[in-house]
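Chemist: My questions all concern the structure below.
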Amino acid sequence: MSTNKNLYPDRHPQSEIFLVDIFESFRDDIASMEHPIFSLSKKPDFRIPEYSHNGKTIKIKPSSDGLPTIFDKDILLYIASSLINAKNNGESISQYVRFTSYDYLVTTNKSTGGEQYNQMKASLSRLQGCSIETNIKTNDVEITEGFGLIDNYRVVKEGKNGKALAMEVRVNDWFYNSIIGNEVLTIDRGYFRLKKPTDRRLYVLARKHCGNQNVWKISLDKLKVKLGTVSPIRTLRFNMRKLIDSNHLPEYNISMYEDVVTFTRKEPPKAPTKTQIYKGAKPGESYDQAKTRMSAKTGIKDMKKALGRERSKFCVRLI
């Protein structure tokens, strides 16, 4: 167990992880990776942030509970990963998803105490209650009206002590279109051990912009905008230096020189072998198409699936 103060402990050993029905790798939708949709504050945030870049705009209005936070996003990561896993396995999917609270908490490295169940319901409330106005397309579809990050949710069953044992969520069209269009990227499970909201956002940006490249450079002032932080640039500079010293982000090293931040991979991306590509190709997919898909989006864990290794069952029932 790591003693790094910037990381949560690895709360669930592999033996416990395999007792729940989990998927092989986590996915994040590219639209929310690119744009600062989630609040980085741990306190209720009632700002109305607006973001504009290269003709794309997004405006988020909070509910009476405040803006959805980057920790609330864990629910969307879990749902996106589940839907993509089912889709890749040839199962039918829909916008309605049911999942057990315990599986969600264990899979995303959370404790399973009673307070976590209350926090999960509070996260769902913020995700539903916010209003997003954007011209950002997902799967070439532009949703112009205001919408929440989820359409609705309900507690399917309560435990004797008030714990939410199962949840039903209907994801919105904007999010679902990104799943249908495969507009997702894999993320490292170590993401869920990151304590600081800014660290989580930095990892997501690095994952989005590095892709299968080894290096991504960005000026500190532009990085501040992409992060969506309200801290002054001097605070961000100070925190970046601390992060550089601790080097605790999954997958990426960070360096900074004259306010230019450089992200580099800790390990180079691994290309799939010909055997993995042939075995992992979908019906009707050419060799080149399968190679591109496996290299760019699915990562080494999906290559293991192509080799026929034993997989855990799909963790979410689709309605």
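The values are calculated or read from the model by the stated rules, or taken from the named source; none is laboratory data. Because the structure is predicted, anything quoted here is derived from the model rather than measured. Cβ coordinates were reconstructed from backbone atoms using ideal geometry, including for glycine residues, and neighbour counts include every protein chain displayed. Accessible surface areas use protein heavy atoms only, side chains included; no ligands, DNA or RNA. Shrake-Rupley method; radii C 1.70, N 1.55, O 1.52, S 1.80 Å.
Chemist: So for the stretch 78-96 (the condition being touching a Gly at 6+ places or on another chain (Cβ under 8 Å) and open to solvent by 60 Å² or more (accessible area, probe 1.4 Å)), does at least one residue qualify?
Modeler: As a first pass, look at the stretch 78-96 and keep what is touching a Gly at 6+ places or on another chain (Cβ under 8 Å): none.
No.
Chemist: Across the stretch 104-120, which residue is nearest to the chain's Cα centre (by Cα) among those that are open to solvent by 20 Å² or more (accessible area, probe 1.4 Å) and farther than 17 Å from ARG154 by Cα?
Modeler: First, the residues of the stretch 104-120 that are open to solvent by 20 Å² or more (accessible area, probe 1.4 Å): 110-116, 118-119.
Within this subset, residues satisfying the condition of being farther than 17 Å from ARG154 by Cα are 110-115.
Working: LYS110: 15, SER111: 19, THR112: 20, GLY113: 23, GLY114: 24, GLU115: 22 Å.
Top of the filtered list is LYS110.
Chemist: Taking the stretch 154-179, which residues are in a strand (DSSP E or B), touching an Asp or Glu at 6+ places or on another chain (Cβ under 9 Å) and open to solvent by 10 Å² or more (accessible area, probe 1.4 Å)? Lay out the reasoning, then the answer.
Modeler: Kept after step one, since they are in a strand (DSSP E or B), are these residues of the stretch 154-179: 154-158, 164-171.
Right, trim to touching an Asp or Glu at 6+ places or on another chain (Cβ under 9 Å) and you get 154-156, 164-165, 169-171.
Scanning the stretch 154-179 gives ARG154, VAL155, VAL156, LEU165, ARG170.
Chemist: Which residue, of GLU115, GLU145, is modelled with pLDDT under 95 and not in a helix (DSSP H, G or I)? Step through it out loud before you land on a result.
Modeler: Values: GLU115 fails: not in a helix (DSSP H, G or I).
Step by step, each of GLU115, GLU145 is checked, and only GLU145 is modelled with pLDDT under 95 and not in a helix (DSSP H, G or I).
Chemist: Still on this structure, please answer the following. On the basis of being modelled with pLDDT of 90 or more, under 21 Å from HIS209 (Cβ atoms) and either open to solvent by less than 10 Å² (accessible area, probe 1.4 Å) or touching a Ser or Thr at 6+ places or on another chain (Cβ under 7 Å) (or both), does ILE58 make the cut? Before the answer, list the steps.
Modeler: Working: modelled with pLDDT of 90 or more: yes; under 21 Å from HIS209 (Cβ atoms): yes; either open to solvent by less than 10 Å² (accessible area, probe 1.4 Å) or touching a Ser or Thr at 6+ places or on another chain (Cβ under 7 Å) (or both): yes.
Yes, satisfied.
Chemist: Condition check: among the small types (Gly, Ala, Ser), within 21 Å of the chain's Cα centre (by Cα) and within 20 Å of HIS35 (Cα to Cα). Does GLY148 satisfy that? So that I can check it myself, show each step before the final result.
Modeler: Details: among the small types (Gly, Ala, Ser): yes; within 21 Å of the chain's Cα centre (by Cα): yes; within 20 Å of HIS35 (Cα to Cα): yes.
Criteria met by GLY148.
Chemist: Here's something else I'd like to know. Within the stretch 38-55, work out how many residues are open to solvent by 60 Å² or more (accessible area, probe 1.4 Å) and part of a strand (DSSP E or B).
Modeler: The qualifying residues number 3.
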